[in-house]
Every structure is written in C-alpha cells, then in structure tokens.
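Data block below; observations after.
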Amino acid sequence: MKKSLDRRERVLDLLYQNQDRYLSGEELSNKLGVSRTSIWKYINYLREAGYQIESSSKVGYQLITPADNLLPEEIKRNLDTEIIGREIIYYKEVDSTNNVAKKLAQSGVKEGTIVIAEEQKSGKGRLGREFCSPLGGIWVSCILRPDIKPTLATRATYIASLAIVKTISKLSAVDAKIKWPNDLLVGDKKVSGILTEMGAELDRVDYLVVGMGINLNFPIEIFDESLHNKVTTIYTETGKKISRVEFVQDLLEELEMSYKKLNNFQDILEEWKSYSYTLGRTVKLDNNKEEIIGEAFDIAEDGALLVKVDNEIRRFYSGEVSLYHQGFSSGN
Ligand code: BTN
C-alpha cells in the first residue's frame, strides 16, 4: 500500500517513471504545484547526492542513473509499512545513529521514526565497544514505544535479529544465523550487530532505540587485518552488491511485521529459533559476574537463554557467548 508521497518523493517518482523521456520543468511544476525554481533546486540536490540527471533548457530533465544512497525519499518510495520508517532522518555522516535517535526519542518524536546514515564516525557497539561503520553498510536506528514492561525490552533485539536474518536470506545467497543475544554470523564470522537502548520508568517503557548495523556492500579489507578471522561482509561472502535501498525497505517491513506480533512472542521465538546459531551447542557464557559452561538448549518466553549446567537449568538475560570445545573456547 502506497502512502501519500511528499513533494520530493513525487518528483523522484516522476523521474523514475519517465526514465525513457525528458520531463519538462513546466510539466513537473504543474503536476506538483511548485515553482520551476523549486524543481530546479531539487534536481541540483539530487545531482549533488550522486544522481545522474540529464537536463536541457528546452526539453527538461531525464534520470539516467540513480545514486546508490539512502535518501529518505528513495527509501519511502516503495516502502510498505504503517509505522516504521514513515519518518526518516538521514545523515551522510554522523557520530552514531543511536545517539541521535535517543535524543529524538527523548524529545518525543513519533514511534517508528528511523535515523539512518551512510557512515558513522563513532558507531557504538555493546558494552561500550566501538562499531566500525564505513560507507556501503547499513547503519540504522529505529525508535519504538511498545506498551511493555522494561523487563521485556529484550524482545526488541529478538525481532531485530529476526528481521535482519530474514532480509539477508531474502536478498543474498548467504546462510546467516543469529548468535544470542544480538549478533548475526555467516559461518563463524560476524556480519551484523544490534544495540538496543532504552528509556524507561520502573514499570513502563518510554522508548527503545534499536540500532542495527549490517556489513553489506564493502570488502573485508576495510577492517583491520586482526579482525579478518572474526568479521565478514555480505559482499566478501558473495562477491555481489545488493541494493541498499531495497535492503532497508525489506528490513523495515520485516521489523514492522514482527513488531506487530510483539505480544505473541512465542510465534516470534519459534521463527527465531529456526535461525539460531547458539541453541543446541555447548557454550561458554560470561555475564561479567561469572563464567559458566553448559548446553544452551532453549529460549524462555521472557527472552532468557536457558543453559543446562551440570544438572541445573540456568537463565541468562545478557552476556558474552562463545562456543566451547573441550580444551579451548572459540571466538564465537
Ligand atoms: C554490537 O555488535 O555490539 C552492536 C552494534 C550495533 C551497531 C549499530 S549501527 C546503527 C546503530 N548506531 C550505533 O552507534 N550502533 C548501532
């Protein structure tokens, strides 16, 4: 279902629909009810953003090659959502989309607003780590305001990891898996991470910022060599680039579908489990207080990882998990 497009989206839409001919400035200005100068300014903005648009004073404008960037009007053109991504804040470069999204959430913006950037200069990972976020990846944060108790906020990380893994498997030939609680792996290497941050009162969530980072269209060589055995990118795995606009659209649509089922969490969990890297494995879990070794065998309805340690069942809500093999423990 297509929602009403604002003027920028409509200009872009018309350019796309008429790629086989020139559209005159007059035709555009009549169709959209704006001046020809406004049209000309917007065309220049698109050119600066990397679009190749031919123009001639006599015949008008023709879109030759779109740019591979994440302009809000590009994402919204074919976005089939009701809540998520209806408002898009875009940066070419930003410190961290999560930081911007948290400020916006605190100032009261609408649920579903997303903050997206081509590049992050101080991308944030979990536990205060840096998250490398170069050009060509997807760095996006989504503001949600679910009517749930703060103790259930981890559900947002589950729906985000599910949305990412489904989008990767839809748009690439890569078989990604979810490593509890918030990483996505291809083979044993990390391809994506999620950072969920929360603003809450004791018994009520005010906002969640779900930050998702996906190593998409750039080569592994961007990362320091010391990370090459731990991290990968979809491009490195397949040798192919994926439309980032399409990736974001599918990701937001998947996220919204799962978000609407947040109160039927069992359904989400069943699907999540089918992509799990962690379940059924012997793991070493470090939750800052202790290190335990056991078999990760299930996820409880409240999001806890259930681990059998000797004959006891232990529940974990956070922690660093790595696979455990007798004698050593791998990076994953
Ligand atoms: C992790 O792997 O530790 C979590 C990484 C989360 C990265 C994303 S990229 C978009 C959003 N903005 C940030 O600064 N971090 C998240």
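Every read-out reported here was derived from the displayed coordinates using simple, explicitly stated rules and does not represent laboratory data. Only a predicted model underlies this, so the values are computations on that prediction, with no experimental measurement involved. When we count neighbours, we look across all protein chains shown, and the Cβ atoms used for this are built from the backbone with ideal geometry, even at glycine.
When only DSSP loop residues count, what trypsin sites (Lys or Arg not before Pro) in the range 262-298 have their Cβ near at most 12 other Cβ atoms within 10 Å?
Numbers: sites: LYS273, ARG281, LYS284, LYS289; in loops: LYS289.
Sites meeting the loop and neighbour criteria: LYS289.
Would you please give the FRET efficiency between GLU295 and SER56, computed as 1/(1 + (r/R0)^6) with r the Cβ-Cβ distance and R0 = 51 Å, to the nearest 0.05? Intermediate values should be presented prior to the final figure.
Working: r = 69 Å, r/R0 = 1.36.
According to the calculation, E is roughly 0.15.
Quick check on the range 1-62: take the gyration tensor over C-alpha atoms, sort the square-rooted eigenvalues as a ≥ b ≥ c, and tell me if it's rounded (a/c under 1.5), prolate or oblate.
On the way: a/c = 1.40, a/b = 1.27, b/c = 1.10.
Here the range 1-62 falls in the rounded category.
The range 202-237 to the range 124-146: how many Å between their Cα centroids?
Comparing the Cα centres of the range 202-237 and the range 124-146, I get a distance of 7 Å.
Report Rg (one decimal) and Dmax (nearest whole number) for the chain, counting Cα atoms only, units Å.
For the chain, the Cα radius of gyration and maximum Cα-Cα distance read 22.0, 81 Å.
What are the membrane-span-like helices in the chain by this rule: whole DSSP H runs, Cα extent along the axis at least 24 Å, mean Kyte-Doolittle hydropathy at least -0.5?
On the way: long enough: 154-171 (26 Å, 0.74).
TM-like helix candidates: 154-171.
To one decimal place, what orientation-averaged projected area in nm² is obtained for the convex hull of the Cα set of the range 110-161?
The directionally averaged projection comes out at 4.6 nm².
What number, rounded to the nearest 500 deg cm²/dmol, is the helix-based mean residue ellipticity at 222 nm of the chain, given -39500 (n - 2.57) per DSSP H run of at least four residues and division by all its residues?
Result for the chain, helices only: -8500 deg cm²/dmol.
Rounded, prolate or oblate: which fits the range 186-310, taking a ≥ b ≥ c as square roots of the Cα gyration tensor eigenvalues, rounded meaning a/c under 1.5, else prolate when a/b beats b/c?
Because a/c hits 1.5 or more and a/b fails to exceed b/c, the range 186-310 counts as oblate.
Between the range 37-70 and the range 257-321, what is the separation of their alpha carbon centroids in Å?
50 Å
Does the range 69-206 come out rounded, prolate or oblate by the C-alpha gyration tensor, with a ≥ b ≥ c the root eigenvalues, rounded set by a/c under 1.5 and, if not, prolate when a/b is larger than b/c and oblate if not?
Here the range 69-206 falls in the rounded category.
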